[in-house]
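Report on the structure given below.
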Amino acid sequence: MDAPLVKTEVRGRVALLTLNRPQALNALSNEVIDQLAQAMRDFDADENIGAMVLTGSDKAFAAGADIAAMQGWSYMDVYKQDYLGGNWESLKHIRKPIIAAVAGYALGGGCELAMLCDFIIAAENARFGQPEIKLGVIPGYGGTQRLPRAISKAKAMDLVLTARMMDANEAERAGLVSRVVPLERMLDEAIEAATIIASMSLPSVIMAKECVNMAYEGSLNETLMFERRNFHALFATDDQKEGMKAFVEKRKPDFKHQ
Ligand code: CAA
């Protein structure tokens, strides 16, 4: 039997979910997201669980959506499957708190997945970024919408347009990350925080999460849809084909700007 793409473990009232595709730096294929969404829905429904921690490996929380899978897709392919809708979108409906424990790369969809969690505890080696522009596309899972809300328009524009990465300390100063801790401490720190949350009254925890999100997410549904449709539209360009092909072939892209 194949190893699960998302490993799960229960520690007291805390569920620990670990992305488990190390050979591809936890690239988020549809299969990874399907398994993640299923596991989160199951823990959300489990009355013995009060909070969740989502983590990756020491090298990568997740290096983004799966470029190898996406490279050949057309506009119609991504539009018809509503790519990054479906199970990706369903993650935002999980009611129990989710802490992202991030070490290493959190790039593209990986940064977006961390931002979808309720807060981020980062290891000192964490690096955040939205490098999609280098592939001839844009963030497709909330990066252009959640990043400006989390870290200001100036820094979001900087990251989204230049594709540069932000280290853990810059991410904390910018407000993306709630705590930065040494790598060897990261998981314990996240599980301890989740254990505290899970010891609180579950209805008040869920309502607190809903209320904070209400302050934060006004009109996000429309803007996420807007982003997704533009992400889809970029699959109609030659530069998306070139950008993703070049990544897979390990060379610099030769963009034609069309
Ligand atoms: N998709 C598919 N495979 C990926 C991947 C991705 N996002 N990121 C890394 N991998 C694979 C590599 O192809 C490589 O596979 P092979 O060993 O089979 O060649 C393996 O993971 C290890 O990666 P590297 O050899 O590149 O490792 P590195 O340490 O030299 O570099 C890195 C690390 C800087 C993170 C580099 O892997 C990288 O730039 N990855 C892509 C980051 C990216 O562009 N993310 C955005 C994706 S698009 C997106 O996410 C859209 C959206 O908004 C949802």
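Laboratory data are not the source of any read-out in this text; all were calculated from the coordinates shown. For clarity, every value in this text was computed on a predicted model and none was experimentally measured. Here the Cβ is made from the backbone with ideal geometry for all residues, glycine too, and neighbour counts use every protein chain on show.
With the largest listed first and rounded to whole Å, the semi-axes of the equivalent ellipsoid of the chain from the Cα gyration tensor are 29, 19, 19. Taking 190, 154, 63 in turn, the Gaussian network model of the chain (Cα-Cα springs below 10 Å) assigns the largest fluctuation to 154.
The string of couplings for the range 65-77 from the Karplus curve (6.51, -1.76, 1.60, θ = phi - 60°) is 5, 7, 5, 4, 5, 7, 4, x, 6, 9, 4, 5, 4 Hz, one whole number per residue in order, with x for Gly and Pro.
So, in Å, what gap is there between the alpha-carbon centers of the range 91-129 and the range 5-22? Distance between centres, Cα-based: 14 Å. Across 140, 64, 12, mean-square fluctuation computed from a Gaussian network of the chain (C-alpha pairs under 10 Å connected) peaks at 12. Here the spin labels are modelled as points 7 Å beyond Cα on the Cα-Cβ line, and at residue 215 and residue 201 they lie 2.0 nm apart. Taking 227, 47, 192 as the candidate residues, the one with maximal mean-square fluctuation in a Gaussian network model of the chain, Cα springs under 10 Å, is 47. Under 5 Å between amide hydrogens, built in the peptide plane, is the criterion, and for residue 125 it picks out 104, 183 among residues at least 5 positions away or on other chains. Overall shape of the range 200-247 was characterised from the C-alpha gyration tensor. The equivalent ellipsoid obtained from it has semi-axes of 38, 14, 6 Å, in decreasing order.
Count Lys and Arg as plus one, Asp and Glu as minus one, and take only other residues whose Cβ is under 11 Å from that of residue 141; the net charge is then -1.
The 3J(HN,Hα) values that the Karplus relation (6.51, -1.76, 1.60; θ = phi - 60°) gives for the range 4-11 are, in residue order, x, 7, 10, 8, 10, 7, 10, 10 Hz. Gly and Pro appear as x.
Once C-alpha pairs closer than 8 Å and six or more residues apart are averaged by separation and normalised to the residue number of the chain, the relative contact order reads 21 percent. Applying 1/(1 + (r/R0)^6) with R0 = 35 Å to the Cβ-Cβ distance of residue 184 and residue 90 gives a FRET efficiency near 0.55.
Which of the DSSP-defined H helices in the chain satisfy a minimum axial length of 20 Å, computed from C-alpha atoms, and a minimum mean Kyte-Doolittle hydropathy of 0.5?
183-199, 202-217
Per residue, the average separation of C-alpha pairs within less than 8 Å and at least 6 apart gives the range 33-136 a relative contact order of 33 percent. Considering helices alone, the calculated mean residue ellipticity of the chain at 222 nm is -14000 deg cm²/dmol, with DSSP H runs of length four and up weighted by -39500 (n - 2.57) and normalised per residue. For the pair the range 49-70 / the range 151-168, the C-alpha centres are spaced 20 Å from each other. Available extension along the chain between residue 161 and residue 249 is 29.4 nm, counting 0.36 nm per residue and deducting the alpha carbon span. Charge tally for residue 255 (other residues, Cβ to Cβ under 10 Å; Lys, Arg +1; Asp, Glu -1): -1.
DSSP beta bridges fully contained in the chain are about 25 percent antiparallel.
Taking amide H as placed 1.01 Å from N in the peptide plane, residue 60 has its amide H under 5 Å from the amide H of 105, each at least 5 places away in sequence or on another chain. Of the peptides 84-92, 27-35, the order by per-residue mean of other Cβ atoms within 10 Å, starting with the highest, comes out as 27-35, 84-92. Remark: relative contact order (the range 94-162) = 31 percent; criterion is Cα-Cα distance under 8 angstrom and separation of 6 or more residues.
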